[in-house]
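*Asks:* Here it is: the structure, laid out below.
The values are calculated or read from the model by the stated rules, or taken from the named source; none is laboratory data. All of these numbers come straight from a predicted model, not from anything done at the bench. Please note: Cβ atoms are built from the backbone with ideal geometry, for glycine as well, and neighbour counts cover all protein chains shown.
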Amino acid sequence: MSEISNAARAAAMIAARTDLKPLVGMVLGSGLGSFADSVEGAVRFSFAELPGFPVSTVSSHKGELIVGRIAGQPVAVLSGRAHYYEHGEAAVMKTPIEVLKLIGCRAVILTNAAGGLHLEVGPGELMLITDHINFTGSNPLVGELGDERFVGMSQAYDPRLQELFREAAAAEGIALHAGVYVWFTGPSFETPAEIRAAKILGGDAVGMSTVPEVILARYMGLEVAAVSTVTNPAAGLTDQELSHEEVKEAAPKGAEKLRRLLPRVIKGYGAA
Ligand code: 6GU
């Protein structure tokens, strides 16, 4: 085992190529990668060159870390993520999240494409995640040592960041729903019975990501916000079969809204 962690080595590689100290990190989900184009003065790193970074096998994920500015604020954008279902490892995003912390980020904004549990929230609508249910039985902190592993999750989604999203949505005239995200492992979609169960338990959207990253980020002391683009109704809400094509088709509508919201949120966060 090497003395220096992958995360520390990756952070050093980033520091060698840019003087920027990012304040906010972002993770761009399925079909939402186009937001990376709005980073000014982008310095790019492929996940393949950064030690400990996972290589995503999902067709709509790029696998790049981009350091630059949005709305004048220094940011680090992870364009693409790896999922539990790719590696069977809930902690697959540990190194990238740890790197965000090491290069100076105080907050991370996570985005994803999700299935909606309410027909009224149609494809391309945004849902601010206010809480989650971990329906997988996995946790990315299994195997960690020390009392810090007992991370409080009562306020996992930072109230001030949520308020910044609500203000940004109001200013842009964008409808922003809010609700509970339920994490399933995937990669198969849920059954109608699983979706009925998720709804009874208090869920509003379902997906295959984000929750392990929220847990890792809280463990590392980062503030967290998360937004879903609802790309399709979940199983059983309509009689249509689900597909990744449908997800990829609707995600850009959410990406366009995020392109308008995120600069305001980041600017507001930096101003505080
Ligand atoms: Cl319906 N389920 C899950 N788990 N993830 C999704 C989805 C559904 N739609 C988009 N992503």
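*Asks:* With respect to Leu141, determine if the residue is more than 16 Å from the ligand (Cβ to nearest atom), within 21 Å of Gly88 (Cα to Cα) and free of Cβ contacts under 8 Å to residues at least 24 places away in the same chain.
*Replies:* It is false that Leu141 is more than 16 Å from the ligand (Cβ to nearest atom), within 21 Å of Gly88 (Cα to Cα) and free of Cβ contacts under 8 Å to residues at least 24 places away in the same chain.
Rundown of residues vs (1) in contact with a helix residue (DSSP H, G or I) (Cβ under 9 Å, 6 or more places away or on another chain); (2) buried (at least 22 other Cβ atoms within 10 Å of the Cβ); (3) within 25 Å of Ala251 (Cα to Cα), yes/no style:
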| site | (1), (2), (3) |
| --- | --- |
| Asp19 | no, no, no |
| Met26 | yes, yes, yes |
| Leu32 | yes, yes, yes |
| Ser38 | yes, no, yes |
| Val75 | yes, yes, yes |
| Met93 | yes, yes, yes |
| Ile97 | yes, yes, yes |
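*Asks:* Separate question: Can you name every one of the helices (runs of 4 or more DSSP H) wholly within the range 138-237 that holds 1 or more residues which are of a type outside the set (S, T, N, Q) and touching a His at 6+ places or on another chain (Cβ under 8 Å)?
*Replies:* So the answer is 211-219.
*Asks:* For the subset of the range 1-31 comprising residues that are out of contact with any Lys or Arg (no Cβ under 8 Å at 6 or more places or on another chain), within 23 Å of Arg218 (Cα to Cα) and in a loop (DSSP other than H, G, I, E, B), which member is modelled with the lowest pLDDT?
*Replies:* Among residues in the range 1-31 that are out of contact with any Lys or Arg (no Cβ under 8 Å at 6 or more places or on another chain), within 23 Å of Arg218 (Cα to Cα) and in a loop (DSSP other than H, G, I, E, B), the one modelled with the lowest pLDDT is Ile4.
*Asks:* Taking the range 183-209, which residues are out of contact with any Pro (no Cβ under 8 Å at 6 or more places or on another chain), in contact (Cβ under 8 Å) with a residue 60 or more places away in the chain and near the ligand (Cβ under 9 Å from one of its atoms)?
*Replies:* Thr185, Gly186, Pro187, Phe189, Glu190, Ile195, Ala205, Val206, Gly207, Ser209
*Asks:* For Gly268, only one of the following conditions fails: (1) at negative phi; (2) in contact with a helix residue (DSSP H, G or I) (Cβ under 6 Å, 6 or more places away or on another chain); (3) within 11 Å of the ligand (Cβ to nearest atom). What is its number?
*Replies:* (3)
*Asks:* Answer yes or no: is there a residue in the range 13-26 that is in contact (Cβ under 8 Å) with a residue 12 or more places away in the chain, closer than 24 Å to Gly270 by Cβ and among the basic types (Lys, Arg).
*Replies:* Checking the range 13-26: at least one residue is in contact (Cβ under 8 Å) with a residue 12 or more places away in the chain, closer than 24 Å to Gly270 by Cβ and among the basic types (Lys, Arg).
*Asks:* Output the qualifying pairs, or none if there are none: Cβ atoms under 9 angstrom, residues six or more apart or on different chains, first residue in the range 63-82 and modelled with pLDDT under 95, second residue crowded, with 24+ Cβ neighbours inside 10 Å and aromatic (Phe, Trp, Tyr).
*Replies:* Note: pairs meeting the criteria are Gly63/Phe53; Ala82/Phe53.
*Asks:* Condition check: touching a strand residue (DSSP E or B) at 6+ places or on another chain (Cβ under 6 Å), aliphatic (A, V, I, L, M) and modelled with pLDDT of 95 or more. Does Ala251 satisfy that?
*Replies:* Against the criterion (touching a strand residue (DSSP E or B) at 6+ places or on another chain (Cβ under 6 Å), aliphatic (A, V, I, L, M) and modelled with pLDDT of 95 or more), Ala251 does not qualify.
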